[in-house]
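Engineer: First, the structure itself, so that you have it in front of you.
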Amino acid sequence: MEQAHILAFLGASLLLSLVAGRGATLIRVPLIIGYIIAGAILGPAMIGFVNVKQVDSLAFINTLTLSLIGFNVGSELRFKQLRKMGRSIMVITVFEATLAFLVTGIATAAVLKSIPMGIIYGALACATAPAGTIDVIRQYQAKGELTSTLFAVMGLDDIYALILYSLGIPLAGIMLGSHEVSVSVALLGALRDIGLELGFGAAIGYLLVYLGRYIHEQALFLLYSLGALLVMCSLALVYNISPILLTMSAAIVMTNRNGLVTSKLAQALTQWSPPVYLMFFVLLGSRLDFGIIASYSLLIIAYIIFRTLGKFGGAFYGSKLAGVSPKIQNYLGFTLLSQAGVAIGLSLGAANILTAMKMELQAKQVISVMTASTFLIMLIGPVLVKYGLSKAGELHVKD
């Protein structure tokens, strides 16, 4: 009976999203806004078609979506193009992530009157989730200088955010009185994870290119792409590593080794990925809880406002220091606000550390604030992505 109910939820989500997506199109906002609203309607906050436990049982969709996102980002990162951008990408990434960390950390520490908790929220704020951004880019077929820069920044952002998080969380734990966490051990763990992600990804990328040369039929490439992605998802789960960085490194190797095979694989993934993306945003919407928003409203507002200021300011000043074009300086900040699966995943890790320290209230607060802020950010984030790309003149499909 439980399986029948989950299947009914999946079916209802797809059908309701058609209606909500049409409504989003009519008011000229990205489709994912409609998908998130559809999830909110079906979730516990409204009609309660599914409960939190049932939503959590579909967590594999998040892993699958993050894997797709990683591959899409990695397939756009060609070494020849990155060399042209040079140090500018590194400067922009460090500025936008670091400033978001500092500004959000200071603001939330002031609200909570707790420096360690401010460090935790700052560490969570520096990550940028590519999910909503990628969906807008695909919907409007965006191409150009800003779009290329955005792909590169998103690719490096997750690696840098993971390092900041790996340093910040144990530091906060020590300040809160824990003797079970160590900055050096946490950093070594982060480096080990990144090594596994890059190593597994590079090896799989080489293998996929080699075998892909012998596959020519479109139907076979569809099976090949799905099988490869599911294997990478399983590796991410078994070794508890980031599916984004794993598939991104695989795609980077592929696109720089054999662009034709990469293009065929990406095209095959595009054929079956839309329902997966749709369900990802529906599940995000279904986590909405009005009680949480009311309970932590001041903290959520402070987090969203100062994270936004940090991302905008970091992107602007980083771009200015890097000497990139005024178009990137003025509009890159609009495209870096999305927060979804990556931030939620990191917040769960932070909550586990707090729970181990017998700080259950703070653990619940972190998960609640990150879930609510993610929902609210994803309502406006894609609209701002569209605005930034539109002002830069890089949208090639109209509503």
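All of the numbers you see were taken from the coordinates with simple rules; none came from a lab. Everything numeric here is computed off the predicted structure, so don't read it as measured data. Here the Cβ is made from the backbone with ideal geometry for all residues, glycine too, and neighbour counts use every protein chain on show.
Engineer: If you put +1 on each Lys and Arg Cβ and -1 on each Asp and Glu Cβ, how big is the dipole of the range 1-123 around its Cα centre, in Debye rounded to 20?
Structural biologist: On the way: 9 positive and 4 negative charges, 121 e Å.
Around 580 debye, computed over the range 1-123.
Engineer: Using the Cα gyration tensor of the chain, with a ≥ b ≥ c the square roots of its eigenvalues, what is the shape: rounded (a/c below 1.5), prolate (a/b larger than b/c) or oblate (neither)?
Structural biologist: Numbers: a/c = 1.29, a/b = 1.14, b/c = 1.13.
Note, shape of the chain comes out rounded.
Engineer: What list do you get for Arg22, Arg138 if you sort them by fewest beta carbons within 10 Å?
Structural biologist: Sorted ascending by nearby Cβ count, the order is Arg22, Arg138.
Engineer: Continuing with the same structure: Under a Cβ-only charge scheme (Lys and Arg +1, Asp and Glu -1), can you give me the dipole magnitude of the chain about the Cα centre, in debye to the nearest 20?
Structural biologist: 940 debye
Engineer: Sorted by packing (mean other beta-carbon atoms within 10 Å per residue), highest first, where do 278-286, 104-112 land?
Structural biologist: 278-286, 104-112
Engineer: Place +1 on the Cβ of every Lys and Arg and -1 on the Cβ of every Asp and Glu in the range 2-391, take the dipole about the Cα centre, and give the residue among Ile134, Leu332, Thr308 whose Cα lies farthest towards its positive end.
Structural biologist: Projecting each Cα onto the dipole axis, the largest value belongs to Leu332.
Engineer: Here is a further query. Which whole-number percentage describes the relative contact order of the range 2-391, with Cα contacts under 8 Å and a sequence gap of 6 or more?
Structural biologist: Across the range 2-391, relative contact order equals 29 percent.
Engineer: Right, next: Going by average Cβ neighbours within 10 Å, how do the peptides 306-318, 201-213 rank, with the highest at the top?
Structural biologist: So the order, starting with the most tightly packed, is 306-318, 201-213.
Engineer: Hey, can you list the DSSP H helices of the chain whose Cα span along the axis is 24 Å or longer and whose average Kyte-Doolittle score is at least 0.5? Intermediate values should be presented prior to the final figure.
Structural biologist: Details: long enough: 2-26 (36 Å, 1.16); 87-112 (37 Å, 1.78); 145-175 (43 Å, 1.35); 183-212 (42 Å, 1.49); 218-238 (30 Å, 2.12); 297-322 (37 Å, 1.08); 360-391 (45 Å, 0.93).
For the chain, where a helix must reach 24 Å along its axis and average at least 0.5, the hits are 2-26, 87-112, 145-175, 183-212, 218-238, 297-322, 360-391.
Engineer: Cα-Cα over 25 Å: which of Lys113/Lys320; Lys80/Lys320; Lys80/Lys311; Lys113/Lys358?
Structural biologist: Lys113/Lys320; Lys80/Lys311
Engineer: Compare the Cα positions of Gly173, Val19, Gly43 along the charge dipole of the chain (+1 at Cβ of Lys, Arg; -1 at Cβ of Asp, Glu; about the Cα centre) and return the one farthest towards the positive end.
Structural biologist: Val19
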